[in-house]
Amino acid sequence: MNNKKIKYAELLLKSLKVSEKDYLFVAIPSFLSEFIDIIKEVAKNYDLKEVYFDITDPFKKHDLLVELDQENINKHPMFDHDIYNKYAKLDAAFLFISSMVPDLMNDVDPKKIKDTHEHTRSTEKYFRSLYETNKLNWCIAGVPNEYWACNGLNISLDELWDLIFKVCLVDDDNEPYNDWIKKLDRLDKTAAKLNSYNFKYLEYKNELGTDLKVYLPEGHIWASGKDENGVIVNMPTEEVFTSPEYDKTEGIVYSSKPLFYNNIMIENFNMTFKDGKVVEFHAESGEEILKGIIETDDYSCYLGECALVSYDSPISNTKVVFKDTLYDENASCHLALGAGFNECLKGSEDKREDELRNMGVNDSKTHIDFMIGDKSLSIVGVTYDDEHIEIMKNGNIVI
């Protein structure tokens, strides 16, 4: 087990291309002390000037959100990310470690979560300016903990580790980074095939009730989880994705998996779009949290991403809902509310806000993925010549 953990840490640093950097920034929960030590050891293999750990305590964060009013939350150093700006200016590689604590925030006022999220983002503006225009090396990955495994998934910690090793291609007998490059080469070929059609719009339908038409801007680009610099930004990743024309989506879409946002579950929800905007929504649970996401700013009610993932894919085939979007979004076709991707539209590399939206791609303070794929999902792409191309059938990519 420990050898695989070391191999996993090595995979993450290789995915980040740390060898090209002088600084490594690691954002990680405080209860992952063992993995912090593993990263420290693995990082010694690189000629780094500094490895900085931004260690946070999710339980202390919960207590502060319950006890403090918004004015004092905004003054508290836990919610100040100016340190991100410092290391962004040093051109550090950023490794973000996700480790869920399901239901931790259930007793926190949803408005306070929303306002705190907005405040924290406001303290990291320089970092955001580079992150959102693909000018940083960054990667998001998961590390198990007892709360996530035992309380969230009803399995042992070792079982959760084994699941993560499996979907991240970490095995005693392989070199996982090389296997990931081969996988991403295959995803790049799928993206290239999609790009060759220059679709005008996509039609989504499934047995849950989804009946959605998503328009794509002229010059849109499909991409995979490897950015233009060769950095693997999500570990694991199974998707090809692009950004839709934000103000033209029409119809209704139903969730196929729960969405966990700030450790709160939003379940069995649907959204209706008109002229690209969410005009109606319902959720069996977590509706107020969903409302907060949709109303984060003036443009969080529009789509910023549409991503294709086959139902018959490694994470989906585990039959586990991980309760972490990093994994669940890579088990299912998904959409995202909020910001789109500059790299997904020709000529938009340095554009932001109104300039980006004028080109058709959304810009927002948030980007929240939600899962819509199931084994009944079909997607048809329609070209400017009115040619109908089957992209997905019975939940799987067939293009």
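The values are calculated or read from the model by the stated rules, or taken from the named source; none is laboratory data. Since the model is a prediction, treat every value here as computed from it, not as a measurement. Glycine gets a Cβ as well: all are built from the backbone with ideal geometry, and neighbour counts include every protein chain shown.
Between Tyr46, Tyr52, which is surrounded by 13 or more Cβ atoms within 10 Å (Cβ to Cβ), part of a strand (DSSP E or B), more than 22 Å from the chain's Cα centre (by Cα) and of a type in the set (Phe, Trp, Tyr)?
Details: Tyr46 fails: part of a strand (DSSP E or B).
Exactly one of Tyr46, Tyr52 is surrounded by 13 or more Cβ atoms within 10 Å (Cβ to Cβ), part of a strand (DSSP E or B), more than 22 Å from the chain's Cα centre (by Cα) and of a type in the set (Phe, Trp, Tyr), namely Tyr52.
How many residues are of a type in the set (S, T, N, Q) and either within 29 Å of Val398 (Cβ to Cβ) or in the same structural domain as Asp109 (by TED's automatic domain parsing) (or both) when one looks only at the stretch 254-313?
Qualifying residue count, the stretch 254-313: 7.
Return the residues of the stretch 161-194 that are outside any helix (DSSP H, G or I), at pLDDT 95 or above and over 27 Å from Cys344 (Cβ atoms); say none if nothing qualifies.
Within the stretch 161-194, just Val170 meets the criteria.
Could you tell me whether Ser376 is free of Cβ contacts under 8 Å to residues at least 24 places away in the same chain and in contact with a Leu (Cβ under 9 Å, 6 or more places away or on another chain)?
Answer is no for this residue.
Can we say Glu245 is out of contact with any helix residue (DSSP H, G or I) (no Cβ under 6 Å at 6 or more places or on another chain), assigned to a loop (DSSP other than H, G, I, E, B) and buried (at least 18 other Cβ atoms within 10 Å of the Cβ)?
Working: out of contact with any helix residue (DSSP H, G or I) (no Cβ under 6 Å at 6 or more places or on another chain): yes; assigned to a loop (DSSP other than H, G, I, E, B): yes; buried (at least 18 other Cβ atoms within 10 Å of the Cβ): yes.
Answer is yes for this residue.
Only one of (1) of a type in the set (Phe, Trp, Tyr); (2) over 25 Å from Glu349 (Cα atoms); (3) modelled with pLDDT under 95 fails for Tyr131. Which number is that?
Looking at each condition in turn, Tyr131 falls short on (2).
Check the stretch 136-149 and report whether any residue there is crowded, with 17+ Cβ neighbours inside 10 Å, part of a helix (DSSP H, G or I), free of Cβ contacts under 8 Å to residues at least 24 places away in the same chain and touching a Ser or Thr at 6+ places or on another chain (Cβ under 9 Å).
yes
Go through the stretch 1-17 and report how many residues are within 21 Å of the chain's Cα centre (by Cα) and either outside any loop (DSSP other than H, G, I, E, B) or crowded, with 17+ Cβ neighbours inside 10 Å (or both).
Residues meeting the conditions: 8.
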